[in-house]
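Following: one structure in structure tokens, then a few remarks.
The values are calculated or read from the model by the stated rules, or taken from the named source; none is laboratory data. Everything quoted here is computed from the prediction, not taken from an experiment. All Cβ positions, glycine included, derive from the backbone under ideal geometry; neighbour counts span all protein chains shown. For accessibility, only protein heavy atoms count, side chains too; no ligands or nucleic acids. Shrake-Rupley method; radii C 1.70, N 1.55, O 1.52, S 1.80 Å.
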Amino acid sequence: MSDLKNTERLDKILSNNGIGTRRDVKRLIRSGKISVNGIIVREPEFHVDGSSNEILVDGKPLTIEQNAYFMMNKASGAVCSTKSDRRKTVFEYIFSEDNRKYPGGNLSTVGRLDADTEGLLIITSDGNLIHRVTFPKYEVPKTYLVYLRDSVDDSEKLSYEKKLEPEFISNRKEKTERLTVALP
């Protein structure tokens, strides 16, 4: 338990695994009803490696859920936010039993796609993955494919790429994205 890199606060593990709210589990821990590897723990901030330590709640073993990973072919019209009054969210397409808290927290999208955009969307509770893929300092390359409604010849295609590329990249500090215009 000395390596904090692979550990999580005990209260967070318990609340993310459905034992109660963070406040509820803090009370439960302080009351002496939680043990880790046979030792009663009374500090909610105690760090535990959920994959290698045995956690008992009132004498019953806690089954720790791992992070969840979903790949979705996002349809046009859906939004990548958790709530929307006007459009259906991508989370409404996930089975309700899967759309819950995990050890890493709630499900989140890895990046965003506009409402009218279709394509691969990764949804996970793994905050480390989200950070590594979306933060510019990691320079994860991304390719965006644009389909044009009307046919164009190669010179027009090149013209679209030249027009779109500077605007597409100008708002980004790192130039790790690539834009491709596809002919119909």
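Using a 1.4 angstrom probe on the protein heavy atoms only, could you order Asp154, Asp49 from most to least accessible area?
Asp154, Asp49
Ratio to report: Rg/Rh of the range 37-120, with Cα atoms as the point set and Rh obtained by the Kirkwood method; give two decimals. Kindly include the intermediate steps, with their values, before the conclusion.
Working: Rg = 18.0 Å, Rh = 15.7 Å.
Value, to two decimals: 1.15.
Output the pairs from Lys12/Lys33; Lys12/Lys83; Lys74/Lys142 with a Cα-Cα distance over 19 Å in this structure; if there are none, say none.
Among Lys12/Lys33; Lys12/Lys83; Lys74/Lys142, the Cα-Cα distance tops 19 Å for Lys12/Lys83.
When N counts the residues of the range 1-72, how does its alpha-carbon radius of gyration compare numerically with 2.2 N^0.38 Å, as a ratio?
With N residues counted in the range 1-72, Rg over 2.2 N^0.38 Å equals 1.09.
Leaving ligands, DNA and RNA out of it, rank Lys88, Lys83 by accessible area with a 1.4 Å probe, largest first. If you can, show how the numbers build up before the last one.
Details: Lys88 95, Lys83 175 Å².
Putting Lys88, Lys83 in descending order of accessible area: Lys83, Lys88.
From largest accessible area down, sort Leu121, Leu145, Leu129, Leu62; use a 1.4 Å probe on the protein chains.
Final ranking, largest accessible area leading: Leu145, Leu129, Leu62, Leu121.
Report the accessible area of Ser76, computed with a 1.4 Å probe over the heavy atoms of all protein chains in place, in Å² rounded to the nearest 10.
Ignoring ligands and nucleic acids, Ser76 comes out at about 60 Å².
Among the chymotrypsin sites (Phe, Trp or Tyr not before Pro) within the range 20-114, which fall in a DSSP loop and have no more than 14 other Cβ atoms within 10 Å of their own Cβ?
Phe95
How much accessible surface does Val146 have with a 1.4 Å probe, in Å² rounded to 10?
It works out to around 40 Å².
State in Å² the accessible area per residue of the range 61-160; use a 1.4 Å probe, count heavy atoms of protein chains only, and round to the nearest integer.
Per residue, the range 61-160 has 70 Å² of solvent-accessible surface.
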